[in-house]
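All remarks here apply to the structure that follows.
Every number in this text was worked out from the coordinates using simple rules, so none of it is lab data. Note that the coordinates shown come from a computational prediction; the quantities given were computed from them, not determined experimentally. Note that each Cβ is placed from the backbone with ideal geometry, even for glycine, and that neighbours are counted across all protein chains shown.
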Amino acid sequence: MSAFESPLHELVAHAHGNAARVAELLEAHPELLEERYAAWNETPMEAAAHTGSRDVAELLMARGARPTHGALAMLGRADDLRAALEAQPSLAHTPGAHGISLLYHAALSGDPRVLEVAWGAGAREGLDHAVHASVLAGSADALRWLLARGARLDAPNAQGKTPLAVARARGADELVAVLEANRTA
C-alpha cells in the first residue's frame, strides 16, 4: 500500500527535492506536469520553488513546465523575474505555495541582485522570513542585503528556531558571524 493517495500527490511530494523520483513519475504520468494537488494547493513547480530544489525546477522546465515567479526568483533568474514583474506587477505581492513570499524565494537564490529585483517591484512581504531562506541558501550576501533593509533576526521558522540557531546547527560559520554581529542587546 502506498503512502500516497494518487500519482499527483506523490509527484508534488517528491517535487520538494527528489528529482530522480520526479523524473520517473513524469515518465509514467506526463499529464501531471503542471497539475495542482488540491489538498496542498500546490503544483510540482511551486513545491520545488519554495524548497530551493533547483534540480527539480530545472527538470520540470525541461519537460515544458512554466516557471512561476517564485521559481524564477529561487533559480536566480533576475532578468526573467524582472520581465515577469514588469508584465504583471501584482506578482510582487502574490505569494507562492503555502503563502510563501517572493522575498523568501528570492533569498533562496542567495543572490542580492534577485532580491533587489523583487524589492524594486515593491515586494516587502516576508522580509523577516526571508532571513531563514538566506541561511538555507548559505548566502551571507543575501543575509546582509536583508539585514540592510531592516529584517529582524528573531523570527522563528516552522520548527520554532531562529536563523542563528539554524546557522549554528548547519555549521555555517560565516552566517553565524553575520547574525551575531547584527544581534541587538
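Farthest towards the positive end of the charge dipole of the chain, among the residues Ala19, Ala165, Asn41, is the Cα of Ala165, using unit charges on the Cβ of Lys, Arg, Asp and Glu.
Dipole of region 23-123, Cα-centred, from +1 at each Lys and Arg C-beta and -1 at each Asp and Glu C-beta, to the nearest 20 debye? Write down the numbers at each step before the final one.
On the way: 7 positive and 14 negative charges, 59 e Å.
Dipole size: approximately 280 debye.
With contacts taken as Cα pairs under 8 Å at a separation of at least 6 residues, the chain carries a relative contact order of 14 percent. Ranking Ala130, Val178, Leu81 by how far each Cα lies toward the positive end of the dipole of region 58-185 (charges on Cβ) leaves Ala130 at the top. For region 91-185, a Kirkwood hydrodynamic radius built from all Cα pairs, placed in the Stokes-Einstein relation at 20 °C and 1.002 mPa s, yields a translational diffusion coefficient of 166 µm²/s. Ranking Tyr104, Gly64, Ser53 by Cα position along the charge dipole of region 1-127, where only Lys, Arg, Asp and Glu carry charges on their C-beta atoms, puts Tyr104 farthest toward the positive end. Taken about its Cα centre, the chain carries a charge dipole of roughly 600 debye when the Cβ of each Lys and Arg holds +1 and the Cβ of each Asp and Glu holds -1.
Think of each Lys and Arg Cβ as +1 and each Asp and Glu Cβ as -1; about the Cα centre, that makes the dipole of region 95-185 roughly 140 debye.
Put the Cα centre of region 1-57 next to the Cα centre of region 138-185 and the gap is 30 Å.
Here is the size of region 56-121 from its Cα atoms: Rg then Dmax, 10.8, 31 Å. Normalising the average separation of contacting C-alpha pairs (under 8 angstrom, six or more residues apart) by the number of residues puts the relative contact order of region 42-87 at 36 percent. The fraction of Cα-Cα pairs per 5 angstrom bin, counted from 0 for the chain, comes to 1, 9, 17, 19, 18, 15, 11, 6, 2, 1, 0, 0 percent, rounded to whole percents. Volume of the convex hull of region 11-58 (Cα atoms only), normalised per residue: 59 Å³.
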